[in-house]
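Since the structure comes first, as structure tokens, the remarks are kept for the end.
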Amino acid sequence: MSSLVLAVVSGIIMVSGDVNGSTAVGHACPISSTTALTNAHVAYSDSKPRTLIYSDGNGVEGILRPVLVDQARDLALLEVVSGSDFQKFFPLAPEAPKRGDRVWLEGYDFTKGGTPRIVETEIVNPSPILFTYKKGGGPGSSGSCVINSLGEVVAINKGALPKDADNMWGRGVLVAGEMWSKIIHKEGGR
């Protein structure tokens with residue numbers, strides 16, 4: 001798994017052209033050559049879609065637009081509208097992870113100037129929608145893929161919950177299994 005995970009797990013999305021002039025940084029999780037998942041809070045501001053400029057850090061760049069949003073679960077489906085297609089993408093896992101399963105996501109090391117890092121963690125509290133893992137990716141990691149040992153996407157990283165004064169639990173929105181796959185195909189996603 002480490003060689004798969006040590007490559008860029010997901011493309012960094014830089015948000016620009018927001019309706020109120022604000023910008024943000026997050027991730028998207030490519031699930032086909034032209035579609036990706038992220039959090040609704042990355043793709044939308046005040047219920048209005050953002051213009052999303054993406055780069056994988058290796059010269060693949062373009063513009064994404066939201067085509068489907070699920071505000072209740074904090075998920076958005078994005079599609080490439082200009083620029084390069086994704087060179088690397090990950091399949092959705094057919095089954096949800098279980099307590100104790102190892103997963104990986106991309107986050108940042110702020111002790112090294114915010115450089116990207118791969119976070120290896122473990123599922124603590126699985127649930128049908130939102131689950132918890134031992135370590136989060138830190139600020140700016142919203143929307144990153146949460147990948148199992150088979151290289152499949154089980155969740156989209158959403159945020160964190162305080163564990164204690166110095167540590168945070170990671171939180172992910174489940175996309176493994178049939179439910180999200182059915183939503184994508186029903187709404188015309190790829």
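Might you check whether a residue that is of a type in the set (A, V, I, L, M), buried (at least 22 other Cβ atoms within 10 Å of the Cβ) and at pLDDT 80 or above occurs anywhere in segment 15-32?
Let us first name the residues in segment 15-32 that are of a type in the set (A, V, I, L, M), namely 15, 19, 24-25, 28, 31.
Next, only the ones that are buried (at least 22 other Cβ atoms within 10 Å of the Cβ) stay: 28, 31.
Filter once more, keeping what is at pLDDT 80 or above: 28, 31.
Within segment 15-32 (the criterion being of a type in the set (A, V, I, L, M), buried (at least 22 other Cβ atoms within 10 Å of the Cβ) and at pLDDT 80 or above), the answer is yes, since at least one residue qualifies.
Look at residue 74 and say whether it is closer than 30 Å to residue 125 by Cα and in contact with a Lys or Arg (Cβ under 8 Å, 6 or more places away or on another chain).
On the way: closer than 30 Å to residue 125 by Cα: yes; in contact with a Lys or Arg (Cβ under 8 Å, 6 or more places away or on another chain): yes.
Answer is yes for this residue.
Could you please give the count of residues in segment 25-51 that are more than 14 Å from the chain's Cα centre (by Cα) and either closer than 25 Å to residue 129 by Cα or not small (Gly, Ala, Ser) (or both)?
Step one: of segment 25-51, the residues more than 14 Å from the chain's Cα centre (by Cα) are 33-34, 44-51.
Of the ones still in play, those that are also either closer than 25 Å to residue 129 by Cα or not small (Gly, Ala, Ser) (or both) are 34, 44-51.
So the answer is 9.
Looking at segment 168-175, is at least one residue farther than 20 Å from residue 31 by Cβ, aromatic (Phe, Trp, Tyr), outside any strand (DSSP E or B) and free of Cβ contacts under 8 Å to residues at least 60 places away in the same chain?
Scanning segment 168-175 turns up no residue that is farther than 20 Å from residue 31 by Cβ, aromatic (Phe, Trp, Tyr), outside any strand (DSSP E or B) and free of Cβ contacts under 8 Å to residues at least 60 places away in the same chain.
Which strands (runs of 3 or more DSSP E) sit wholly inside segment 45-141 and have at least 3 residues that are without any contact (Cβ under 8 Å) to a residue 40 or more places away in the chain and more than 21 Å from residue 170 (Cα to Cα)? Quick ask: steps written out before the conclusion?
Details: elements: 51-55, 61-70, 75-83, 102-109, 115-125, 130-133.
Answer list for segment 45-141: 61-70, 75-83.
Just give me the residues in segment 140-160 being farther than 15 Å from residue 120 by Cβ and in contact with a Phe, Trp or Tyr (Cβ under 7 Å, 6 or more places away or on another chain), in sequence order.
140, 152, 153, 160
What are the residues in segment 90-133 that are more than 18 Å from residue 30 (Cα to Cα) and among the aromatic types (Phe, Trp, Tyr), if any?
Correct list: 108, 110, 131, 133.
How many of the residues in segment 57-66 are among the hydrophobic types (A, V, I, L, M, F, W, C) and under 16 Å from the mean Cα position of the chain (by Cα)?
Start the filter on segment 57-66 by keeping residues that are among the hydrophobic types (A, V, I, L, M, F, W, C), which leaves 60, 63-64.
If we keep only those that are under 16 Å from the mean Cα position of the chain (by Cα) as well, we get 64.
So the count comes out to 1.
So that you can scan it fast, the table gives a plain yes or no per residue for (1) over 17 Å from residue 145 (Cα atoms); (2) basic (Lys, Arg); (3) surrounded by fewer than 18 Cβ atoms within 10 Å (Cβ to Cβ):
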site	(1), (2), (3)
43	no, no, no
46	yes, no, yes
50	yes, yes, no
57	no, no, yes
61	yes, no, yes
76	no, no, no
80	yes, no, no
84	yes, no, yes
87	no, no, yes
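Which of the residues spanning segment 136-151 are surrounded by fewer than 19 Cβ atoms within 10 Å (Cβ to Cβ) and either within 18 Å of residue 32 (Cβ to Cβ) or modelled with pLDDT of 90 or more (or both)?
If the condition is that a residue be surrounded by fewer than 19 Cβ atoms within 10 Å (Cβ to Cβ) and either within 18 Å of residue 32 (Cβ to Cβ) or modelled with pLDDT of 90 or more (or both), then 149, 150, 151 are the ones that fit.
Determine which member of the set 132, 111 is among the β-branched types (Val, Ile, Thr), at pLDDT below 90 and either over 15 Å from the mean Cα position of the chain (by Cα) or not assigned by TED's automatic domain parsing to the domain that holds residue 49 (or both). Explain how you work it out, then say what you get.
Numbers: 132 fails: at pLDDT below 90.
It is 111.
How many of the residues making up segment 55-67 are farther than 11 Å from residue 35 by Cα and of a type in the set (A, V, I, L, M, F, W, C)?
So the first thing to find is which residues in segment 55-67 are farther than 11 Å from residue 35 by Cα, and the list is 55-63.
From what's left, of a type in the set (A, V, I, L, M, F, W, C): 60, 63.
Residues meeting the conditions: 2.
The values are calculated or read from the model by the stated rules, or taken from the named source; none is laboratory data. Fair warning: this is a prediction, and the values are worked out from it, not measured in the lab. Using ideal geometry, Cβ is built from the backbone for each residue, glycine included, and neighbour counts are taken over all protein chains shown.
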